[in-house]
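Written out below as structure tokens is the structure these notes cover.
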Amino acid sequence: MKRVVSLAVLVTIVLGMSLLLALSGQSFYPSENLRWLAIVYLNTTYNPYLPDFTVRSPESVTAIVWDYRGLDTLYETTVFYLAIIAGLALGRGVKRLNQKPTDESGLSPIVKTVTKITGPMILAVAASIGLHGHLTPGGGFQGGATAAVVPVVFIVVFSSFYLLWKGVSSQRMLTLRSAGLIGIGLTSISLFLAGLLLGLPSYVFQNIAKAGSPLSMPYDVHGALLSGTLWWFNLFEFLAVSSGFTLAFIILMTPEAEEKW
Amino acid sequence: MVGFLAEYMFTVIYLSLFVNLGLSLFGLFYKPHYVKKLIMLGVLGDTLNMFAIFLGYRAWPSPTTPSRPPILLTYPFENASVLVEFTSRAVDPLPQALVLTAVVIGLAVMVFLIFLGDNLFKHYGTLDMREIRRLRG
């Protein structure tokens with residue numbers, strides 16, 4: 001009762017204060033115009049008339065994340081990697097059980113059958129979100145986080161050991177994660193290496209040809225828009241994020257063996 | 001009337017964000033349980049992200065007509081008018097990109113803190129901060 005009263009008081013304060021502010025003309029209302037910086041981003045994100053400035057991706061958020069401010073995102077991925085590694089380091093030296101899951105473990109057969117059907121569907125949606133990140137809202141992070149739902153659902157529905165018995169071990173997830181990170185690194189320096197080999201000027205994190213450096217990732221493959229490096233970054237980020245979360249869930253949800261000191 | 005209602009609802013959202021901020025800080029500082037602190041940390045991060053998204057929001061010019069989402073549908077597009085319309089309707093993408101970064105960093109911190117909580121529980125047998133402070137190792 002006390003909580004309901006305090007909640008009601010809070011809501012009344014917010015609504016009343018807003019009414020006062022709106023009546024007195026001091027209300028907050030977003031502007032109809034954008035800052036010039038946002039207009040520059042929106043104008044150049046897919047603009048064939050400015051071939052030296054465009055990213056050739058109609059999704060400006062992904063363009064900012066992986067092209068205009070790509071170095072930020074690289075270090076952000078590193079932070080994510082280090083957080084998972086720090087978590088693993090905290091849980092080191094702990095023996096974890098590994099038993100064969102039986103038919104009795106987990107929830108009822110109805111839930112198991114439904115999960116067997118919906119699991120691949122979640123993965124398909126996640127791959128669609130991740131790999132269309134340069135065309136529609138989404139990208140590697142979002143797709144990876146969606147894909148990481150599947151192992152949690154399977155652990156809850158089947159058994160804590162189900163994933164391990166299906167071969168989704170923490171070592172393999174760590175390998176997949178490292179492969180994703182190596183892919184991100186290689187994509188970021190791919191055009192730089194190509195420039196070194198061909199003797200042409202090029203930059204690290206270059207995507208589309210700029211004035212003074214004619215190299216550019218293939219952005220249009222048989223009429224399908226790939227937006228240069230963005231598709232590759234999203235693919236590898238999808239791998240890294242989904243396997244990183246799966247790794248964390250496996251470590252957190254597998255029961256530990258009896259500790260004998 | 002429609003304009004006033006839109007203004008009022010925006011003000012409600014804006015003020016409730018501040019209230020949310022205060023509540024999450026209160027929970028973070030005064031709730032003794034570790035998991036409750038984590039929940040409040042999540043709420044705090046989401047509130048700050050919402051502030052950033054709010055800054056990048058753009059008002060639809062006429063409140064009475066239904067809004068159309070700014071999407072570049074045609075590829076390859078025929079003329080520049082598609083692009084002009086896109087730029088005239090899209091919201092600021094930069095706060096959204098920064099929030100995307102902040103969300104992932106927040107998730108990383110949260111994963112690490114959950115591992116830390118796991119270890120805390122293993123060592124102390126409780127997640128109550130008052131108990132853990134009293135035990136001293």
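Rule-based calculations on the coordinates, nothing more; no lab input. Only a predicted model underlies this, so the values are computations on that prediction, with no experimental measurement involved. Here the Cβ positions follow ideal geometry from the backbone for every residue, glycine too, while neighbour counts run over all protein chains shown.
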May I ask you to sort A:HIS222, B:HIS123 by Cβ crowding, counting other Cβ atoms within 10 Å and putting the fewest first?
-> A:HIS222, B:HIS123
Can you find, among B:LEU5, B:ASN49, B:LEU38, the residue farthest towards the positive end of the dipole of chain B? Put +1 on the C-beta of Lys and Arg, -1 on that of Asp and Glu.
-> B:LEU38
When Cβ neighbours within 10 Å are restricted to other protein chains, what is their mean count per residue of peptide A:71-79?
-> 3
Averaged over residues of B:113-120, the number of beta carbons from other chains lying within 10 Å of each residue's Cβ is 4
Qualifying lysines (Cα of each under 25 Å from Cα of A:LYS2; at least 8 residues distant if same chain) | B:LYS31, B:LYS36, B:LYS37
Relative contact order computed over chain A (Cα-Cα under 8 Å; 6+ residues apart), in percent = 23
Would you mind checking the tilt of helix B:34-55 against the longest principal axis of the Cα atoms of chain B, expressed as 0 to 90 degrees and rounded to 10?
-> 20
Based on the Cβ-Cβ distance of A:LEU97 and B:PHE54, what FRET efficiency does E = 1/(1 + (r/R0)^6) give at R0 = 51 Å, to the nearest 0.05?
-> 0.60
Expressed as a whole number, the average count of other chain Cβ atoms within 10 Å around the Cβ atoms of A:34-46 is 5
With the contact rule set at Cα under 8 Å and sequence spacing of 6 or more, what percent relative contact order holds for the range A:92-230?
-> 17
Highest-fluctuation residue, B:SER24, B:SER81, B:SER16 considered, GNM on chain B with Cα pairs under 10 Å | B:SER81
Eight or more residues apart or on different chains, and alpha-carbon atoms under 25 Å: count the Lys pairs in the range A:36-253 matching that.
-> 6
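I'd like to compare A:158-164, A:206-212, A:226-232, A:250-256: which one has the highest average count of other Cβ atoms within 10 Å, and what's the full order after that? Working shown, then result.
Details: A:158-164: 20.1, A:206-212: 17.7, A:226-232: 25.3, A:250-256: 15.9.
Result, highest mean Cβ count within 10 Å first: A:226-232, A:158-164, A:206-212, A:250-256.
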Mean Kyte hydropathy of 0.5 or more with a Cα span along the axis of at least 18 Å, helices from DSSP in chain A = A:2-23, A:70-90, A:109-131, A:170-198, A:229-253
Relative contact order of the range A:161-261: what whole-number percent is it, with Cα pairs under 8 angstrom and at least 6 residues apart?
-> 32
Taking the Cα centre of the protein assembly as shown as origin and charging only Cβ (+1 Lys, Arg; -1 Asp, Glu), how large is the dipole, in debye to the nearest 20?
-> 1360
Report the far tail of the P(r) of chain A, meaning the percent of Cα-Cα pairs longer than 33 Å.
-> 44
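Which order do the peptides A:53-60, A:108-115 take when ranked by the mean count of other beta-carbon atoms within 10 Å per residue, highest first?
For the peptides A:53-60, A:108-115, the packing ranking is A:53-60, A:108-115.
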